[in-house]
Structures are given as structure tokens and as C-alpha cells.
Amino acid sequence: MSTFVDDYPEESKIVQASLAVAFVALGIGAFFGLIQALHRTNVLRIFSSVDYYTLLTGHGVLLAIVFTIFFLVGLFTWAVTKSLDRPAPDIRLTWAWFGLMTTGATLVAVAILSGLFPSIPMSADVLYTFYAPLQAHPVFYIGLAMFIVGTWMAGADWFLAYREWRGENPGERIPLQTFMVLTTMIMWYIATLGVAVSVVVFLIPWSMGLVDSVNPLLTRTLFWYFGHPIVYFWLMPAYLLWYTVLPKLAGGRLFSDPLARVVFVLFLLLSTPVGIHHQYLDPGIAEGFKFIAMTNTMFLLLPSLLTAFTVVASMEHGARQRGGEGYLGWLGALPWRDPAFTGMALAGLMFAAGGFSGMVNAGMNINYLVHNTLWVPGHFHMTVGTAVALTMMAGTYWLLPQITGKKVYSRPIGLLQVVMWFVGMVFMSNAMHRGGLLGIPRRTAEPQYTNFDFVTAVGSIGEIRMQIALGGTLLFLSVVLFLFNVAATWADDRTETPVDDYLPEPLSGPSGSPVVLDNLALWTGIAIVLVVLAYTLPLASIIGDAGLFGSSGGF
Ligand code: HAS
Ligand code: HEM
Ligand code: CU
């Protein structure tokens, strides 16, 4: 048995470098999260409420964009290399996209953090959604553009590897992990087109003073055209791990390979024509278009519901292989001492709750109740903040030994850390949901309804705030333990014991399933048609109402 790092030393370096950047972003972003959680709840205020928005922008960008996507490119490089069992086509291309993404991310971070220093004439307090009329320094947008072009090159790298493999393996089914990477990247190419147009055509010229004004509704709509599919871009690495690694950790095999392919195809088709569900309350978009987005969103629940079925069935199969019995008794036979397993399982469990709060968001009429309240951060800390982030941390405990040849420094610390994240998030996200229903707004440093008071009655805003502060603190401590464990692993000497990285074949393999599932050109074509149908009329009407460049100055 040989280890990934021995077979693919160059690729292992890229994967390690990508994870390292991801974890630096995680550490800084989590620290800002702690500051926000304590500031908003009036527990501890060390920054001014103006700086709050600088930190909030840093938190959103560093965690939701830098941490998640750097982890993704590392994981996808590992997955493509391993499942095609061949090296990167040209390692210089691989280092080039890594370099471009890292430079772009650094520029973005510098532009944001400069906002904390009044002497530096640069700031980017535009939140991670960066649509007009909020305006950032050009460096922010330029860094962003470089980062996105870097991801496009990474996708090209994986497609080239696939093409070489296809040349030598005509007629074979695409290996499952590579299939997941390629469908996810096609979705990403379609989605990033919207944000690329917004940044290059409107925001960069506007922030440089080359054009006087923009049409804010147009930049918002182009953002959300991209802003919904990006949530599945975050989620697909987690799904890749749940489908291909979690069953093995549970002691079994994936229940169905074809069903996994169907799920990824459905995400490719349906992720983009739904973005308007973030704009139910935007004036200037007709109700009918919103209704269409809602209908598409409800269809988009299907692939996640299929995932819940397939992944839990695979876990049950694993548990029964390990001697588990009974209707629910099998749960006890799962390897709960393994931090990689437990982290992913808890992440999945929380995603079930986050998915339900997403269904609430998606209903046009109920959305009017929760939009722009703390309910929404409650929703996305369960989805991207846990289903994705916790799966990535848990996945690290599985991946790190393969790409370094070293044993994880401490499995007990790993176990404590993933459980602490889950408990912290139960407190924080549940309280955020409840606070949202009471009308506490999101994105504000000053929701001072009642003063912090340990004797406030259960159900009061004071009690909710206490839970947010407590949960946020546990989450931050969990990140500290995680980073310590990873750094200590990296610092360790190499152990010569080979790593068990074998992934067993699915129970129901791809061989009998329809070959059309692997027809990537067909699915791309249909996805584009759906996008054109969903967006042509709304965009035409937005441009018709206020013009391409609108009349809004910047803030
Ligand atoms: Fe969302 C807002 C609707 C999923 C992220 N979402 C957001 C924002 C973010 C976000 C960041 O329709 C805020 C943006 C902003 O700043 O304004 N969301 C949905 C719907 C889904 C959904 C319908 N969201 C996600 C995912 C995200 C994410 C995934 C990130 C990764 N969301 C909305 C809407 C809004 C919104 C509105 C706008 C709100 C507003 O007004 O601003 C669905 O995709 C959810 C489907 C999920 C399920 C759950 C299936 C369960 C599974 C678990 C299996 C269990 C396992 C473990 C594996 C149906 C798969 C078992 C364990 C054992 C021990 C047995
Ligand atoms: C917003 C805390 C981890 C993504 C927030 C807010 C708080 C918070 C209190 C709300 C601020 C407001 O609306 O005024 C924390 C803590 C964390 C954590 C204590 C753990 C240490 C994460 C993770 C992610 C994430 C892991 C994603 C991977 C976001 C995003 C926002 C946000 C995207 C919204 C920013 C905006 O509205 O512009 N966080 N968070 N957070 N968080 Fe976190
Ligand atoms: Cu969405």
C-alpha cells in the first residue's frame, strides 16, 4: 500500500499549500466572528461600531470565499489526481492558478483590512456581497477578479487531466470523484459569468471613476445570479466527502453511484435559475419572476433530499457491516471515536436543520418575515458555517495523513474539537433563528434592545444574546484546537506507516446505469437554456427601467 504523497509528491504540495491558505483565512475569519458575536450582544466591545462593518466584511470574505474555495481547490486536486490515477497535466499550470488565486485573495484582504487604519487611503467595507451602491477601492475588485480567474484556470487544469485520461480510456465511465469535480466546475463557469460581468463592466470602472454611476438593482441581480450557485460550490466539496469518503469511514460502501451522479447533474441544471429568491423584497423585479425563482428553488430541494437518503443508507450499511442491529440501534455501531467520521456525521445532521430553515426562506410570503433578520445568519451558519466548514475540518483529519505521510497529531483533540463546534453552533444558530423571528436585524452592530442581564427570563432577547455569545466563544475555541492540531501534525516528523486511503467500490456501481448521465455537453446545454429562460426577461426589464449604468453614486 503506498501513500498519495509518495505517488504524487508535486500534487501533494499543491494540496497542502491550498489547505494552508484556507486555514490561515479560517483562523483570522473565526477571530473576527468572535469579536462580532461579543460586540453585537454587548458582552465585549473592543472595536468601534464603524469598524464592525470592516470586520464583518473580513469575516464573510475570509470564511465564505477564501477558506471554503481554497479548501475546495485542494480537495478537488486530490480527488482528480487520485480517481484518475494520473499526475497533473502540467504542474506549472497548477502552480500558476494557485499563485493567481493567492495573490488575488491577498489583495482583497489587504483592501478590506486597510479600513481599520484611517491613515491608509483604502477601504472595502462592502460586505462579502459587494454589490452597489456600496463601493470599495479598486484593489478589492481587481483582487477578486484575479481570484476568480484563478479558479477558472484550476477548472481548466482538471478538464485537461480528464481529457488525457479519456484519450487512454475511451468508453469507460468517468470515475465518480472526477465526475463530481467536472459537473461542479461547469456550474461554476456558468455562475461566475454573472459576477465577472458585474465586476469588470460595472464595478471596476465605477470605483476608478471612469463611469459616474451604476444601476444598483442590476449589480444586485448579477451578484445573486452568482450568489446562489456559489452556495452549492461550497456544498459540493462536502457532498464529495459525504458520498465517497464517509461511507468508508462508517465501515461500508456507497449505496448507489448512479444516484450520486443524478444529484450532481441536478445541481448543475438547477443551481443558477433560482438566484432571485434572494431578492423577494427587491422593488423593481416583477412578482411573476420571483414566483418562478421560488418554484425552481423548491425543485432544487430534490438533490439534497436524495443525498440525505443515499448518505444515511450508506452509513446504515456500514454500521450493519460492523455488527449494528435494530431500527436505530445500528447508530451505536458507528465509529464515533473517529473525528473524521463524527465531524462529517454531525455536519450532516446540522445540515438537515439548515435545509429546513432554507425551505422557510424560500417561501415568498414567509420570507417577508425573516428577510434581513438574524434568522438568515442562523440559516447559513448551519449550512456553509457547519455542513461545509465542519465537513472540511473533519475531512482534513482524513486527508492530511495522505498528503503529508504523517499521522494526525491527536485524535482525541480532533474529536473534542468537532463536537465543540457542533455544540457551539447549536447555541449560536438556534438563538439566531429565534432572534430573527423576534425581529433582531442582521448586519448591524447596534441591536441594543435590552441590556445584558444574567437574570433575564427565558425567551427574552437577553437570553438569546447570551446564547449567541456563548456559542460564538465555543466555535472560536474549536477553531483554535483545530489549527493547533493541524499545525502540530505538519510539524511532526514523518511516520513510515502507510496510510489506509483505499476507497471501496459502491454497492451499486456505475456499470448498469444510463450512459447519458456522463454526457457533460448535454447537461451543460440544458443548464444554459434554463439560465436564459430564467434571466432574460428580468434583466431586460431592470435595464429598461433604469438603464445599463443607472444613476447611483457610491457609498
Ligand atoms: Fe440558503 C440565504 C434558501 C441551502 C447558504 N443561504 C442564504 C445565505 C447563505 C446561504 C450564505 O430561498 C445568505 C446570503 C446573504 O448574505 O444574504 N438555502 C435555501 C434553500 C436551500 C439552501 C432552499 N444555503 C443553502 C446551502 C448554503 C446556503 C447549502 C451554503 C452552503 N437561502 C435560501 C433563501 C435565502 C438563503 C431563500 C435568502 C434569504 C433571505 O431572505 O435573505 C436548500 O438547498 C436546502 C436543502 C437541504 C436539505 C437538507 C437535506 C439533508 C441532508 C442531511 C443528511 C444527513 C447526514 C447525516 C449525512 C433539504 C443532506 C446523518 C447523521 C446521522 C447521525 C444519521
Ligand atoms: C456573519 C459569528 C463562523 C460565514 C456572522 C455574524 C456573526 C458571526 C455574529 C453576524 C453578524 C451580523 O449580521 O451583524 C461567527 C462565529 C463563527 C463564525 C463566532 C465561528 C468562529 C463562520 C463560518 C462561516 C461564516 C465558518 C463560513 C464558512 C459568515 C457570513 C456572514 C457571517 C457569510 C455574513 C456576513 C454579512 O452579513 O455580510 N458570523 N461566524 N461564519 N458569518 Fe459567521
Ligand atoms: Cu440562495
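The values are calculated or read from the model by the stated rules, or taken from the named source; none is laboratory data. The model shown is predicted, which means the values in this text are computed figures rather than measured ones. Cβ placement follows ideal geometry from the backbone for every residue including glycine, while neighbour counts extend to all protein chains displayed.
Descriptive notes on the structure:
- Residue in the stretch 138-155 that is in contact with an Asp or Glu (Cβ under 8 Å, 6 or more places away or on another chain), crowded, with 19+ Cβ neighbours inside 10 Å and modelled with pLDDT of 95 or more present: no
- The stretch 269-290 - residue that is within 13 Å of ligand 1 (Cβ to nearest atom) and in a helix (DSSP H, G or I) and, of those, nearest to Trp224 (Cα to Cα): Gly275
- Listed by position, the helices (runs of 4 or more DSSP H) inside the stretch 44-121 whose residues that are within 16 Å of ligand 1 (Cβ to nearest atom) number at least 2 are 51-59, 68-84.
Here is a yes/no grid of residues against (1) touching a residue at least 24 places away in the same chain (Cβ under 8 Å); (2) assigned to a loop (DSSP other than H, G, I, E, B); (3) closer than 21 Å to Ala362 by Cβ:
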{"position": "Ile292", "(1), (2), (3)": "yes, no, yes"}
{"position": "Leu301", "(1), (2), (3)": "yes, no, yes"}
{"position": "Ala308", "(1), (2), (3)": "yes, no, yes"}
{"position": "Val311", "(1), (2), (3)": "yes, no, no"}
{"position": "Met315", "(1), (2), (3)": "yes, no, no"}
{"position": "Ala319", "(1), (2), (3)": "yes, no, no"}
{"position": "Gly323", "(1), (2), (3)": "no, yes, no"}
{"position": "Tyr327", "(1), (2), (3)": "no, yes, no"}
{"position": "Arg337", "(1), (2), (3)": "yes, yes, no"}
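- Failed item, numbered, when Trp242 is tested on (1) farther than 21 Å from Met146 by Cβ; (2) part of a loop (DSSP other than H, G, I, E, B): (2)
- Number of positions in the stretch 501-534 that are closer than 19 Å to Val263 by Cβ and in a loop (DSSP other than H, G, I, E, B): 11
- Residues that are among the small types (Gly, Ala, Ser) and either within 12 Å of Leu176 (Cβ to Cβ) or in contact with a strand residue (DSSP E or B) (Cβ under 7 Å, 6 or more places away or on another chain) (or both) were ranked within the stretch 224-264; the one that is nearest to ligand 2 (Cβ to nearest atom) is Ala260.
- Hey, Ala345 without any contact (Cβ under 8 Å) to a residue 60 or more places away in the chain and either within 16 Å of ligand 3 (Cβ to nearest atom) or surrounded by 16 or more Cβ atoms within 10 Å (Cβ to Cβ) (or both) or not: no
A quick yes/no check of all residues on (1) surrounded by fewer than 24 Cβ atoms within 10 Å (Cβ to Cβ); (2) more than 9 Å from ligand 1 (Cβ to nearest atom); (3) β-branched (Val, Ile, Thr):
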residue	(1), (2), (3)
Thr373	yes, no, yes
Met382	no, no, no
Trp398	yes, yes, no
Thr404	yes, yes, yes
Lys407	yes, yes, no
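- The condition of being of a type outside the set (A, V, I, L, M, F, W, C), modelled with pLDDT under 90 and part of a helix (DSSP H, G or I) holds for Glu463.
- Taking every residue in the stretch 267-287 that is in contact (Cβ under 8 Å) with a residue 60 or more places away in the chain and pairing it with any residue that is assigned to a helix (DSSP H, G or I) and away from ligand 3 (no atom under 16 Å from the Cβ), at least 6 positions away or on another chain, the pairs with Cβ-Cβ distances below 6 Å are Leu268/Thr183; Leu268/Ile186; Leu268/Trp523; Leu268/Ala527; Leu269/Ile526; Leu269/Ala527; Gly284/Leu217.
- Of the criteria (1) within 16 Å of ligand 2 (Cβ to nearest atom); (2) surrounded by fewer than 18 Cβ atoms within 10 Å (Cβ to Cβ), which one Phe291 fails: (1)
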